[in-house]
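Read through the structure below, which is laid out as structure tokens, and then see the notes.
Throughout, read-outs are computed from the coordinates displayed, never taken from laboratory work. In this text, all values refer to a predicted model and were calculated from it rather than measured experimentally. Cβ placement follows ideal geometry from the backbone for every residue including glycine, while neighbour counts extend to all protein chains displayed.
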Amino acid sequence: LDSGNLGLNVTESQYCFSDSQNLMVSLGANTSLGDLCAAQPANLTSGLCPVTKVSQLEEMINTTKLLDACHSVDPLKECIEEPICQSQVIDIATQMAGQLQMVVDCKNMVLAWLANKLGLDATNTMLRNLISCRVNKAFMCECPLEFGDPMPVAKACGCSSTPSSATCCRAIDGYLLEVQQQMLITNLHALRCVTFLASMLQNMSVFTDIYFLCGIDLKNFSLQGWYNVDML
């Protein structure tokens, strides 16, 4: 942020993203890290956020209040009791954005400003705890994946007590191929999703254990499984 800008321009973002990705790979990260984390050069720009200058942001907000809220994020309080830092970030992002579709980009600008002010260690702790809150909340609610109509699977796998394994497995593999490309999820999330889909299929009179029949496991419900297949 030494340039006075909250985000990089398009050209700068492409160079910086590439350099960051190469550095992570040299340290042993997956070569598809950007795709796994749904990251792209645009994440380093200000996007649609109308506030693009550090000076603009600092004129709009109480910087001391924001830093106090986020310099030491208590994961228990932040995730369960009172989301102090998250509330501050969202409130400021909403104020900056003016329109709902711009809030996410403005939130990224607030986090970029915080990262510059807090320093490396405090920023890492803050971001880890905020991300942990999102993951835990998703698990506490429902399976985070969206499932389309599983009727084709039900027709292929539920027509008899012993459905054709080839036909059934082709159907469930094709169905999960679309589902698993949505996001990278934890095993706890995947368990929730496995149970949810099984319940949907049972309601459609599929009583065969098609997970066992077709060798389906937790990774089939996540991007991890998709990349494992893609790289074979």
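Structure values in brief
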| quantity | calculated |
| --- | --- |
| Nearest-20 debye value, the chain charge dipole, Cβ charges on Lys, Arg, Asp, Glu | 320 debye |
| For the chain, with +1 on Lys and Arg beta carbons and -1 on Asp and Glu, the positive-most of Ile84, Leu201, Gln181 along the dipole | Leu201 |
| Peptides 171-184, 102-115 ordered by average Cβ neighbours within 10 Å, highest first | 102-115, 171-184 |
| Exposure proxy order (Cβ contacts within 10 Å, fewest to most) of Thr195, Thr64 | Thr64, Thr195 |
| Folded to 0 to 90 degrees: helix 187-203 orientation relative to the chain principal axis, Cα | 40 degrees |
| Most positive-pole-ward Cα, Asn62, Pro144, Leu191, against dipole of the chain from beta carbon charges | Leu191 |
| Under 22 Å from Lys65, Cα to Cα: lysines that are on another chain or at least 8 residues apart | Lys53, Lys77, Lys107, Lys117 |
| Whole-Å distance, taken between Cα centres, linking region 55-101 and region 102-117 | 9 Å |
| Helix 165-179 vs. the chain, principal-axis angle (Cα, 0 to 90°, nearest 10) | 10 degrees |
